[in-house]
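Nothing in this text is a laboratory measurement; each read-out follows from the coordinates by a stated rule. Just so it is clear, the model here is predicted, and its values are computed rather than measured. Cβ coordinates were reconstructed from backbone atoms using ideal geometry, including for glycine residues, and neighbour counts include every protein chain displayed.
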């Protein structure tokens, strides 16, 4: 019967919509609970420091190496295009502006999501699957303030630091290729960069972006882990969803923030 | 609570991040450009400012001595009023002239100051008496075509003298 198939299709669409709204509401409540019960992550700061080690320090290598290579590629590609217009002295400002405004915060957040966000989801999902979280609740230990909040604040603190290091190393990579390898004039490289990059407009806005991305990526990773079905398959799906959702969230948020920050005054 | 190697790593990580921020602020950005010296404001009225923007540099002999801090349209004189902030380290005579120039063929526009010979110096709130507007490409091409057409008309007549007359006509 065809009308049964149509009815089934409609039902599944409706079910997916209701399920999505349900999850969104649950995620908002989870986020608020994390914020409310984050007092302990500052009173017992060693919990947060431990998590900064696992999310921030352990992501350093991938962030620094990627930053260096992104900066070097920017130097090469920027030089290729700029020398057609005889303005290769603007290479410094091209590399620095694109890194500080966009590539630093966005790429660092994407790498952070795949390096640290997936680990957070898998860890919390497994803690739930092995009933460690239920055991904590039995012992009257609030798992949100003991497990979730320290990881959240560790992510929010690490992200801007990682993004700043990404941009700084990237500018150094652009310098290596542009000045040392190709031979763009060193003085004009730095002076054009300093003339083009504004502290308030570019650097502070880049830091604001990376803080927002840090909040988004860590909150998504924590929620996916906490919400994962307590099975091997459930944890693996949740980890995949973390990377996909946070990548989309970072890119979408980046567009919105850019619209508000750089409207071409 | 005791110190662990983990604390050392996290401390190094935070210090590294802050150093990166400082590098961005001082080496990449122009935060070090503010030498903290006092400033004074001067004004200039231009017929046409072209593509001049706020924060464009004000240069004298190629050295940056200040920045454009405001651009307004004056309803009475129908001219653009440009407000400039100059560093107090640089003093200019009262009859200094200001011109809107372009750095390179496609570069940004800036204000060039040409010092005059007056004994008194410009003070806070003073106005440049001599200003020169930005060059507009269309006007330049129009002038070129006009003089070219006039030249062609003159060449047909005869010698240099005839040429000059044609231009005058």
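Annotations
- Residue order, fewest to most beta carbons within 10 Å, for B:73, A:69, A:189: B:73, A:69, A:189
- Inter-part distance where the range A:206-259 and the range A:118-188 are each reduced to a Cα centre, Å: 12
- Efficiency of FRET between residue A:258 and residue B:151 - r from beta-carbon atoms, R0 56 angstrom, step 0.05: 0.60
- Helix-only CD estimate at 222 nm, as mean residue ellipticity for the protein assembly as shown, using -39500 (n - 2.57) per DSSP H run (n ≥ 4): -19000 deg cm²/dmol
- Note on residue A:40 and residue A:76: their simple-model spin labels are 5.1 nm apart, each label 7 Å out from Cα toward Cβ.
- Rounded to 10°, Cα long-axis angle of helix A:149-175 versus longest principal axis of chain A: 20
- Pairwise label distance in nanometres, residue B:71 with residue A:84, each label 7 Å out on the Cα-Cβ vector: 2.8
- Gain on full extension, evaluated as 0.36 nm per residue between residue B:139 and residue B:26 minus their Cα-Cα distance, stands at 36.5 nm.
- Mean separation of Cα contacts under 8 Å, 6 or more apart, over the residue count of the range A:37-261: relative contact order %: 36
- Peptide A:191-197 has a mean shielding of 4, counted as Cβ atoms of other protein chains within 10 Å of each residue's Cβ.
- Sorted on the mean count of surrounding Cβ atoms within 10 Å across their residues, most packed first, peptides A:131-138, A:176-183 read A:176-183, A:131-138.
- Take each residue in A:153-165, count the other chain C-beta atoms within 10 Å of its C-beta, and the mean is 4.
- Stretched out straight at 0.36 nm per residue, the stretch from residue B:39 to residue B:7 would grow longer than its current Cα-Cα span by 6.9 nm.
- The range A:1-123: C-alpha gyration tensor shape, a/c 1.5 cut-off, then a/b vs b/c: oblate
- Calculated FRET value between residue A:172 and residue A:58, using beta carbons and R₀ = 25 Å, to 0.05: 0.70
- Using the Cβ-Cβ distance between residue B:47 and residue A:200 with R0 set to 35 Å, the FRET efficiency works out to roughly 0.60.
- Taking label points 7 Å from Cα along the Cα-to-Cβ direction, residue B:78 and residue B:127 give a separation of 1.7 nm.
- Peptide B:7-16 has a mean shielding of 6, counted as Cβ atoms of other protein chains within 10 Å of each residue's Cβ.
- Counted residue by residue at 0.36 nm each, then reduced by the alpha carbon distance between them, the extension gain from residue A:26 to residue A:181 reaches 50.5 nm.
- Burial ordering of A:202, B:152, fewest other beta-carbon atoms within 10 Å first: B:152, A:202
- Going by neighbour counts of Cβ atoms within 10 Å, the residues A:159, A:139 line up, fewest first, as A:139, A:159.
- Per-peptide packing, taken as the mean over residues of other Cβ atoms within 10 Å, places B:91-104, A:31-44 in the sequence B:91-104, A:31-44 from highest down.
- Over the range B:35-138, Cα pairs under 8 Å with separation of 6+ residues give a relative contact order of 36 percent.
- Principal-axis tilt of helix A:186-196 within chain A, Cα atoms, nearest 10 degrees: 50
- In degrees, nearest ten, helix A:118-129 long axis to first principal axis of chain A (Cα): 10
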